[in-house]
């Protein structure tokens, strides 16, 4: 399974946002109730002059697809675990002490 890569090269962001449109079944002015801190006299003017928009950058979309791909991977390679159990139970599994020592030293040096 291949995982898509994310380029580390700088890219120019483009604005692909579109304004949020109000559906015909919603009132033109907002009634947020008492204590909302909104001056109801200005709500109509603000609703007609402001639009809200949401956009996701291409990098965020790439990260989201990568995250989805990773979540679909199993936490443990069951076939590898099964093969190792079989080798251990039959006495065929051997530890390369030199390789183990090298890996431990490399790990300690990286800290």
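Residues being touching a residue at least 24 places away in the same chain (Cβ under 8 Å) and assigned to a loop (DSSP other than H, G, I, E, B): count how many of those fall in segment 55-111. The number of residues fulfilling the criteria is 3. So for segment 39-54 (the condition being modelled with pLDDT under 55 and in a loop (DSSP other than H, G, I, E, B)), does at least one residue qualify? Scanning segment 39-54 turns up at least one residue that is modelled with pLDDT under 55 and in a loop (DSSP other than H, G, I, E, B).
The values are calculated or read from the model by the stated rules, or taken from the named source; none is laboratory data. Quick caveat, the model's predicted, so the values are computed rather than measured. For neighbour counting, all protein chains shown are included, and Cβ atoms are generated from backbone atoms with ideal geometry for every residue, glycine included.
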